[in-house]
1. For segment 76-192, how many pairs of lysine residues have a Cα-Cα distance under 27 Å, where the two are 8 or more positions apart or belong to different chains?
2. Let's see if you can work this out: charge +1 on each Lys and Arg Cβ, -1 on each Asp and Glu Cβ, no other charges. What is the dipole magnitude of the chain about its Cα centre, in debye to the nearest 20?
3. For segment 1-126, with only Lys/Arg (+1) and Asp/Glu (-1) charged at the beta-carbon, what is the dipole magnitude about the Cα centre, in debye rounded to 20?
4. With label points built 7 Å along Cα→Cβ from the Cα atoms of ARG160 and HIS102, find their separation and express it in nm.
5. Starting from the eigenvalues of the Cα gyration tensor, five times each then square-rooted, give me the equivalent ellipsoid semi-axes of the chain, largest first, whole Å.
6. Note the full-extension length gain between CYS34 and MET329 as 0.36 nm times their separation in residues minus their Cα-Cα distance, in nm to one decimal.
7. Once the whole set of protein chains is in place, how much accessible area is left on VAL86, using a 1.4 Å probe, in Å² to the nearest 10?
8. Determine the percent antiparallel among the DSSP beta bridges restricted to the chain, to the nearest 5.
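The values are calculated or read from the model by the stated rules, or taken from the named source; none is laboratory data. What you are looking at is a predicted structure, and each value in this text was computed from that prediction instead of being measured. Using ideal geometry, Cβ is built from the backbone for each residue, glycine included, and neighbour counts are taken over all protein chains shown. Side chains included, ligands, DNA and RNA excluded: accessible areas come from the protein's heavy atoms. Shrake-Rupley method; radii C 1.70, N 1.55, O 1.52, S 1.80 Å.
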Amino acid sequence: MKVLVTGGAGYIGSHTVVLLIEAGHEVVVFDNFCNASKESIRRVEKIVNQKITVVEGDIRSREELQKVFDVHTIDAVIHFAGLKAVGESVEKPFIYYDNNVHGSTVLFEVMAKNACKSIIFSSSATVYGDPHTTPILENFPTSATNPYGRSKLMVEEILRDVYVSDSEWKIVLLRYFNPVGAHKSGTIGEDPNGIPNNLMPFIAQTAVGKREYLSVFGDDYDTPDGTGVRDYIHVVDLADAHVKAVEKISNFNEVMTINLGTGKGYSVLEMVKAFEKASGRRVPYKIAPRRAGDIATCFADPSYAKEILGWVATRGVDEMCEDGWRWQMSNPMGYKS
Ligand code: NAD
Ligand code: UD1
């Protein structure tokens, strides 16, 4: 299939491009590089040993998107492009709604105009808010506490409306839990701007000596060791789910909402231990106050993904940490290294 990958130069997008090409699909990457480096594309080209078709453009531009459809017959779109920093979304809501919501509607409109009606959308476990229980099933109530999360919920709703208006659409909403790790080669991985907000890149930068210590946000949660519990999923497993979704999408006759997680939760301190084991380095930490908006426990029931996509996550936390460490060690300054 010929797949348009918006945000294909980013963290999850670049890993997905590798797996799509390895599975024999053709790929067109569309990215404005607002949070990605062109170096990631060069590294992907090295892994797959072929040139990648890349269009530099913004999903908010009908003209730039139309140019892609003028040249390529696209069978399906995987839509990663968007902004993802929760704190920034609280400070700059307009930018988030413009990029994530308006940008998405422009994309869907251009797709419809070009009779391309198959889309896989990057949603997030953040849409479950503070779940009443775990593991989390797809039919749990949704809510959002910040503009980032609300933008994901809005796009999900927009896509449901699109389907109501035209049932020829094939729509898959993938709700990711906590993507971590990197490609085995150690050449592509997560390259956060400035101080990382998320746990794994912060741990990795502490292990490599770039940060003095990790602040553990709260040790008084109702969890086995008091620290927050999350469902960490290897980015290559996540990428693999996208390939399976693309290959199955023509069979779907309703909007599919699918959790992508492992079904297992690990605490902050367990992740610190796993990373220390993988890296052979110490990760100094201090207990700090809870981070506003955090919840105690979040992990998926991934059985629907198994049933519908034939997908299960196969990589455990040791592999997540080993691969994340290899990327960090080989690229201490990310793609600028
Ligand atoms: P990322 O920032 O690495 O990748 C996003 C890519 O989109 C970047 O390459 C960026 O340059 C591009 N982009 C942003 N706005 C654009 C625009 N207007 N036009 C064209 N390109 C644009 O992020 P990621 O971690 O790879 O996440 C991919 C998607 O998955 C995002 O939509 C994100 O919200 C979602 N998601 C990520 C996580 C996570 O923890 N990484 C969790 C849940 C959901
Ligand atoms: C974050 C986002 C969420 C997004 C998800 C997936 C926030 C508030 N939420 O969730 O919207 O969908 O990533 O990528 O940013 N922790 C520390 N110290 C740190 C960093 C994190 O103790 O320096 C703890 C957190 O309190 C949490 C766990 O580590 O218990 C994981 O945090 P993080 O990686 O930021 O992911 P989420 O909070 O699950």
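1. Close lysine pairs found across segment 76-192: 11.
2. 800 debye
3. Dipole size: approximately 160 debye.
4. 2.5 nm
5. Equivalent ellipsoid semi-axes, largest first: 31, 23, 18 Å.
6. Here the segment from CYS34 to MET329 would lengthen by 103.7 nm.
7. Looks like 70 Å² after rounding.
8. For the chain, the DSSP antiparallel bridge percentage is about 5.
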